[in-house]
Amino acid sequence: MITDASTLGAKSPHPHPVKMSDAEARTLTFLLPLSEDYPGIARWFVQKVVPGVRQGTRLLLPVERDGAMVGLGIAKKEADECKICTVRVAPTYAGRGIGVRLFDGLLKWLDHDRPHLTVSATKLPQFERIFDYYGFDVTSAHEGLYVPKMTELGYNDPVILPISTSLPLVGTDMSRRGAHQA
């Protein structure tokens, strides 16, 4: 069965509503009540996650118990970015290892030990232990990234080094000239 995303609160700017599979609709239904502090998460899910899953650049990793979803991880793997987008565990299942299972599965799919991720400063206490376990480092802080006046902490941000023009470039005429002049 295909579900119209607008029936789950996901508004689309496109004139034709995005159609979701049953699994995608169940995933969004699980995600919404656990994400009230991220406005626009339904739109993000419909416009970014669903197409990414269909193209193979995003992963939905659900954990179920007795036929009900109790945990969910979403990751993104593109040429320029490996990111853990979201991890959610139903409150009644917190502290039972589901978060570690999700992180392990996402890291395996990403084939990356230190992907980029962000977490709201208010939610950090829920994640500190798992971030320490994996050796993730805080590398940035952004105010208002997702929620006005809320600080979002970045982990494992990619390091971008400036290119120095004073160093010879290997394999170029400049490096050969520099080597002959030395």
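Remarks
- Lysine pair number, Cα distance threshold 25 Å (strictly under), segment 2-160, separation 8 or more or different chains: 23
- Two-decimal Rg to Rh for segment 2-160 - Kirkwood Rh, Cα set: 0.95
- Fully extended contour minus Cα-Cα distance, from residue 151 to residue 123, at 0.36 nm per residue: 9.1 nm
- Each label was represented as a point 7 Å from its Cα along the Cα-to-Cβ direction; for residue 68 and residue 101 these points are 1.5 nm apart.
FYI, it's all coordinate maths here, none of it is from the lab. Everything quoted here is computed from the prediction, not taken from an experiment. No Cβ is skipped: glycine too gets one built from the backbone with ideal geometry, and neighbour counts run over all protein chains shown.
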